[in-house]
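These notes concern the structure reproduced below.
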Amino acid sequence: MTSKNFVYTFLCFFLTAMFINAQQVKNPNISALAERTGPAPESVFKKFRDAGMDPVEHKLTYLEREKLNNAFAILPPLHQKILKKHLHSISFMDNMPNTALTSPVETSDSVKMYNITFRAEILNQTISEWTTWKENSCYEKSTDSQYQVTIEAGNLDAIIYVLLHEATHVLDGVLNLTPHLNEKDVWEGSKAFTQNVWDKYNEPSENVINPLLETVLFRSGKPIEVSYAPEVYKAIQKTPFVSLYSTASWFEDLAEALTIYHLTEKMKQPYKVVVLKNGIQEVLYEPSKNKRVKKRQNQLQIFYT
């Protein structure tokens, strides 16, 4: 590690620690959220068992619990408020196929409650490592491929990103920040974030997406050859989407938009998708510099009131 990189890394951790300490002073109950850990509901285990998988509960070590506590500490004010009332539990699993799952929990009253279950492996990854892994799930790679896709998102713990994303789903479910189906199968909720971007919950408007993006894993369900990556990120630069995953549905769009906004604008962390060809940068996508992305950021201010 060069002296320049060491100084940069030290400053990142120092500034993050200051941010966390400030949040904890404002809200002394933050640690109480991290203490809501326990086994996932049986319904969650059953989903994976029915799919032929064998997930098991992961018990947190002291260090892992500290990482979780720190992740709760940097959540926006509205997240802190809503989770205090509506977060039923947090769970971690080994042998879990996906990264995280937010599920409603049945209770004896009408208060909406949620469990968030995480794959324990992310506790040992940085945001850059985890987002790069996830991004590359979109591509098929041959051994002689000239192309490489990486995400430069700093050295903070991946749990920070994933908790931000999943907790935003909880807020969305409680507050209907995007339209949700009610008991009569009628869509109700705010259309402020989805208007002119989505025609249906999983169908982007024709004016914001192109045929190439429709072939990406989160739209088609199948990976594409990595040689298409340069054109994929040139295409997404012309849309209001912060990431490929945000094209999956308006629920994921909101969660991704808030997560990347909070990391880049509030925590001053990088988020850059880099496509290399033979080791040389060919395409760079920074959602924080995308005018169409920035235009929607006014809709995110509700999280900071």
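The values are calculated or read from the model by the stated rules, or taken from the named source; none is laboratory data. Predicted model, so just to flag it, every value in this text is computed and none were measured. Positions of Cβ are backbone-derived with ideal geometry, glycine not excepted, and every protein chain shown enters the neighbour counts. To get the accessible areas, we keep the full protein, side chains included, count just its heavy atoms, and leave off ligands, DNA and RNA. Shrake-Rupley method; radii C 1.70, N 1.55, O 1.52, S 1.80 Å.
The table that follows gives values for the structure above.
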| quantity | calculated |
| --- | --- |
| Paramagnetic reach from Val111 (point 7 Å along Cα→Cβ, amide N under 17 Å) across region 83-102 | 83-90 |
| Surface/4 of the Cα convex hull for the chain, nm² | 17.1 |
| The chain - mean residue ellipticity at 222 nm from DSSP helices (-39,500 (n - 2.57) per run, n ≥ 4, rounded to 500) | -11500 deg cm²/dmol |
| Residues whose placed amide H lies under 5 Å from that of Ile224, excluding near-sequence neighbours | Tyr139, Glu140, Leu217 |
| Per-residue HN-Hα couplings for region 267-284 [Karplus 6.51, -1.76, 1.60; θ = phi - 60°; Hz; x = Gly/Pro] | 9, 6, 9, x, 8, 9, 8, 10, 9, 9, 10, 6, x, 10, 4, 10, 9, 10 |
| For region 188-305: relative contact order, % (alpha-carbon pairs under 8 angstrom, 6 or more apart) | 23 |
| Region 133-223 - percent relative contact order, Cα under 8 Å, separation 6 or more | 25 |
| Prolate/oblate/rounded call for region 83-222, Cα gyration tensor, a/c under 1.5 rounded | oblate |
| For Thr178, residues with placed amide H under 5 Å, excluding near neighbours | Ser190 |
| Heavy atoms of Trp133 accessible to a 1.4 Å probe, total area in Å² rounded to 10 | 120 |
| Surface per residue (accessible, 1.4 Å probe) for region 45-158, Å² | 49 |
| Three-way shape label, region 233-279, alpha-carbon gyration tensor, a/c 1.5 | oblate |
| Out-of-range pairs (alpha-carbon distance over 18 Å; input Lys191/Lys268; Lys234/Lys268; Lys134/Lys222; Lys67/Lys134; Lys234/Lys291; Lys266/Lys294) | Lys191/Lys268; Lys234/Lys268; Lys67/Lys134 |
| Inter-site label distance for Lys266 and Met53 at 7 Å from Cα along Cβ, in nm | 2.8 |
| Potential extension, Glu152-Lys184 segment - 0.36 nm per residue separation minus Cα distance | 7.1 nm |
| Carbon/sulfur fraction of accessible area - the chain, other protein chains in place, 1.4 Å, % | 53 |
| Residues with amide H under 5 Å from that of Met113, placed H, sequence gap 5 or more | Val105 |
| Modelled FRET efficiency - R0 22 Å, Leu63 with Asn98, Cβ distances, 0.05 increments | 0.40 |
